[in-house]
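Each remark here refers to the structure printed beneath this line.
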Amino acid sequence: MPDGMGAPAPSARSRRAVRPRNRRGEGVHLRADILAAASDLLDRGDERTVSLRAVARAAGIAAPSIYPHFSDPQAIMIAVVREAFAELAGRLEAAVDGADDAERGLYAACQAYLGFAAAHQGRYRAMFGGLRNPDVADDVSRLGAECPRILAGVIADCVTAGCSTSAAPYADAVALWLGLHGLAHQRAVSHAFPWPADFVRRCVAPLSHTAPPRG
């Protein structure tokens with residue numbers, strides 16, 4: 001029906017943003033859009049919010065368009081977790097590479113780890129315990145081992161630079177990762193706790209055998 005100015009009013013369907021159809025060979029872009037939508041849903045909720053219908057709505061596509069890429073929500077979650085591990089590892093490596101020396105690189109990597117956990121709490125929970133699929137347990141464990149490997153490398157660099165007395169960089173890196181993991185969890189559930197300003201350094205120093213903070 002005209003809206004009083006001679007033109008028909010747009011319907012709710014026509015006002016809704018619809019994702020344009022990919023050209024042949026561009027399915028990889030649709031897959032990336034699906035994962036981005038699922039990641040955003042997960043960060044704003046939990047694994048229960050990642051349904052096919054919700055992901056399709058967030059991506060601006062019809063739900064059947066997901067099936068050529070993912071068979072079910074669990075398959076989407078597995079891909080999201082794999083992508084999240086890769087992003088976390090990339091952040092740690094970038095933090096180390098961007099530092100002026102080994103010790104600064106170690107603390108930059110730890111801050112990058114905690115920053116990722118704080119910014120993507122839903123994804124972080126899924127990465128470390130949110131998936132219950134035994135078929136991918138080994139793969140997820142392998143991906144999870146990348147963070148201690150990066151930390152071990154930078155602790156070894158600290159030993160070489162003379163700023164760490166670690167005699168077992170990988171074992172100390174695993175202990176450090178567990179410390180960061182526990183701190184990330186407590187920060188997520190204890191928002192009102194008065195964390196000291198230098199608390200990260202106080203945790204990292206003894207676990208990495210670097211110099212403790214002064215004062």
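Multiply the residue gap between residue 51 and residue 86 by 0.36 nm, knock off their C-alpha separation, and tell me the result in nm, one decimal place. It would help to have the intermediate numbers written out before the result.
Working: separation 35, 0.36 × 35 = 12.60 nm, distance 2.31 nm.
Separation in residues times 0.36 nm, less the Cα-Cα distance, equals 10.3 nm.
Take 128, 199 and order them by how many other Cβ atoms sit within 10 Å, fewest up front.
Taking fewest neighbouring Cβ atoms as first place, the list is 199, 128.
Taking a spot 7 Å from the Cα of residue 160 along the direction of its beta carbon, which residues of region 90-114 have an amide N less than 19 Å from it?
In region 90-114, the label zone of residue 160 (backbone N under 19 Å from the point 7 Å along Cα→Cβ) covers 92-110.
Report the full-extension gain for the segment residue 193 to residue 171: residue separation times 0.36 nm, less the Cα-Cα distance, to one decimal in nm.
Stretched out fully, the residue 193 to residue 171 stretch lengthens by 4.9 nm.
Quick one: length gained pulling residue 202 to residue 100 fully straight, 0.36 nm per residue minus the C-alpha distance?
34.6 nm
Does region 57-215 come out rounded, prolate or oblate by the C-alpha gyration tensor, with a ≥ b ≥ c the root eigenvalues, rounded set by a/c under 1.5 and, if not, prolate when a/b is larger than b/c and oblate if not?
Taking the square roots of the gyration eigenvalues as a ≥ b ≥ c, region 57-215 is prolate.
Rounded to the nearest 0.05, what FRET efficiency do residue 185 and residue 29 have when you use their Cβ-Cβ distance and R0 = 25 Å?
Details: r = 35 Å, r/R0 = 1.40.
Efficiency at R0 = 25 Å is approximately 0.10.
Rounded, prolate or oblate for region 28-110? Axes are the square roots of the Cα gyration tensor eigenvalues, ordered a ≥ b ≥ c, and the cut-off for rounded is a/c under 1.5.
Judged from the Cα gyration tensor, region 28-110 comes out prolate (a/c at least 1.5, a/b above b/c).
Check which residues have an amide H placed less than 5 Å from residue 164's amide H, if you skip close sequence neighbours.
159
No lab work stands behind these numbers, since they all come straight from the coordinates. Everything numeric here is computed off the predicted structure, so don't read it as measured data. Neighbour counts run over all protein chains shown; Cβ positions are idealised from the backbone, glycine included.
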